[in-house]
Structure formats: C-alpha cells, structure tokens
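Worksheet for the structure shown next.
Derivation of every value follows stated rules applied to the coordinates shown; laboratory data play no part. Only a predicted model underlies this, so the values are computations on that prediction, with no experimental measurement involved. In this analysis, Cβ positions are derived from the backbone assuming ideal geometry, glycine residues included, and neighbour counts consider all displayed protein chains.
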Amino acid sequence: MHRILGALALAVALVVALPGIALASDDPFFDDQWNLSAIGAEAAWSRGRGAGTVIAIVDTGVDLGHEDLKPKLLPGRSFIAPGASPQDANGHGTHVAGIAAASTGNGLGVAGVAPDAMILPVQVLGSRGVGNVAAVADGIRYAADNGADVINLSFGEVSTDVDLAPDFIDAIRYAWAKGAIPVVASGNSFVRASGFTTEPAIVVTATTRSDTRPDYASGVGSAQWALAAPGGDGSPGTRCEIESGVVSTYKDDEYACLVGTSMAAPHVAGAAAVLKGLGMSQQQVVDQLLATADDVGAPGNDTTFGSGRLNLARAVQAAAPPPAAPFEPPPTTTTKAPAVIVAAPAPTTTEPPTTTTTEPATTTTGTTPSTISLPPTTAVPLEPPDGQAVALLPDDAGSRTARYVLAVPAALLASAVGTGSWRLRGQLAADRSAVAPR
C-alpha cells in the first residue's frame, strides 16, 4: 500500500514538474468555462500568465470590491463622474474584466485568461451602459498614459452616422503610439461589419462552442488585424455561455452568463497580456496572435473571422524563448597595439563669445488626457450629440435578460439591439442539469 501511495505521489510530482502542463484551476466555475478550453488557456499558463502587465478595462467601470478582482485592481478613473471612483453600477465592465484577468486558482468564482495581469478600471459608460465619444476618447488616452499594455474596448465601434468617430480613432492611434495594444469588439449591430480598416487595433468577433458565427455578431470586415474568440451562442434556450463576474449588488449574486462580442474581446486582451508578459514587443504580440489562430470559416483570412479563432496555447508555445546559444571560447588575443584616438583641437576664433539667454522650459500638455464637460443635470446624456457607445443595458423589469453590447448610430439603435443571456448562479444548476454533458 505504501509503495502504491508513493508511486502516486511521484507521478503527481512529475506531472507538476513537466513543462507545458498546467494543473486545473480550483475555481468553482472553471469546469463550465468552455471558452478557456477552446483557446487553450490552461495549457498556456505553464509558460505565461501575464505577470507584469496591465489591462485597461475602458467600460462601465469595475466592481472594486468583487472577490475575484479586488486584489488585482489598480487605481483608475471615472470620466462619467469626475472625482468619483470607477465603481461599476452596471455589471458589464466587471464581467469583461473577469474574462480577461480574474484571479485564478483562488477557490473563488472563475478563472481569467491572464491570471497574473493587473486591471486598470476606466469608467466611460454610465449605469445604463451609455456614454459619449468624448468620454471614450479621454478614457483611452488616460489608459495609455497610465501604463496600460492592453486596452480592452468592449463596446464595438463608436459611430457617427456610418463613419467611425474621428476622436475615437485618434485616441486609438494615440494609445498605439504610447505602446498600448487596443482590442476592440466588432459589435453586435446586426447591421454591418466592422468599419475598421488600417487603424492600429485588433478587432474581435465572436464564435460559438462549435466555432461558428453566432447570429448576433458583426464580422470583422476589412480590419487589418482581426480575430475571433468565444462569445457564446445566444440562441433562445442555450445553456450558460460565457461566465464571469458582475456587480453583486445588482442581481444578488456575483457571477452571470452573458453572450456577445463584448465577451469575445477580453479573451484576446488577456492573450495579448500573456504574450507581452513573455517579453514580446507590441507588434510581435499582434503578429503572433494572428499567425497562430485556428482558421475557421472560409479558408484563409476572411471578413467574418479575420485570421481565425484565438489559440493562446499555440501562441505561447511559438513564443517560447529560443535555446541558449552554444558556448564559444573567446577570440584569441593578439599583440596588436590598441588604436589611439586623439581628439582634434577646438578651432580658435578672435570674435568675442556670444552670450546665450536661456529661456524658461515650456511645459507641454500633449500627453495629458483632455478634459470633458458633461451636462450639469446628468452624468450620462441619453442622446449624446456626437455619437454614442452602448454597452450592457440591464432589464429594469428584472427578467434576467441583458441586451447585447452595441455601438451603432443613434438612428439605428432601436432596431439593432438584441436580447442576450443573463442567467445567474442560482439558476445554473437547473440549466446545466437539463443538457447533456459536454
């Protein structure tokens, strides 16, 4: 008996020690996170977990007291209520943050794609999930100026009529120039594909469990950098899809299942943080994610899925550092005398020296996020004058449904919004018992 137990202990020790093998997370909902299995997250964790990186969640804020997020939160900022904390009063930003980087292996809640990354909460959308272009642009710039390696934008496009808002695109270009990697949801517009083309951002659409495009998801269009990632099915009667945290005070629980391209984007944001944590450069991260994606849909790069569905396990494997170069003895020494460099004498002049007047230094403010002026009577205008960004819109009637994440012109908003899945933990046991095991 002792020999059997000893052999088992040795086998466990060997499994733990083997490179490329990660033990399963002990988080209660980990077994339900099919999305992490789909991208190979657990296999990737033995090589990289995003340590030393910062993911900015530019959204409705983050629940600052959430059990799965609190230890990872950096001081952030609200552009909805200046001077206030970026406390999420909606749930959308918290859900997105958990997908990207929830604490993992802590025996609580869910696991995140980049478990060791830190989270910078930036609130640009209010409690109803509505904001305006000025707040969004300022939030992106703030994140770039405050150390974000990756900036997650889970509200698709910020549009004015049919064009991307210039302020939004300028902010994305600014973030890239500062070294951050913007990751943008393609949107659930039901209307058109993403309008991105050459902008420096990874545009992300959603996939189902079977790597097909869900009906709600916009394609990636002609975006130069585009991927797909798990976002869930969303069809009526489907089981729990993408599970993560929400604001506990909103629905009497801290976890919920949602679907949408909003849920797909933070998978890619977390993956980018993992690669960045391995020492890859900004452009190397983007190139690696695109090159290692699983080709789904039409062969090759296409306007629906871009380069394919995210495969973090393959991306990390390919990013492994090369083996150390073999030792080479130092070159043989020679008796050749070292060269002597003599500085040329400074030219002489008979003219009197010129007196230089030093002007005081000019302080530039180009890197400081611009301030915004909000109407004095409300923090979030219901009809922003210059386009709008729309995230999760809670159902006030309490039917436990949630609207998909959208960013569409105001004139199309009413017809474009769809209904998603919002099933809380209390309902999950009944939901899961009604379906066949995976």
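Express the relative contact order of region 38-187 as a whole percentage, based on alpha carbon pairs under 8 Å and six or more residues apart in sequence.
Over region 38-187, the number comes to 27 percent.
Points 7 angstrom from Cα along the Cβ direction at ASP26 and ARG209: gap in nanometres?
Between ASP26 and ARG209, the simple spin-label model gives 2.8 nm.
Take the alpha carbon atoms of region 33-100, find their center, do the same for region 110-182, and report the distance between the two centers in whole angstrom.
Between the Cα centres of region 33-100 and region 110-182 lies a distance of 13 Å.
Quick one: of the DSSP bridges fully inside region 195-317, what percent are antiparallel, nearest 5?
The answer is about 45 percent antiparallel.
At 0.36 nm per residue, minus the direct Cα-Cα distance, what do ALA298 and ASP253 gain on full extension? Give it in nm, one decimal, please. Write down the numbers at each step before the final one.
Details: separation 45, 0.36 × 45 = 16.20 nm, distance 4.05 nm.
In short, 12.2 nm is gained.
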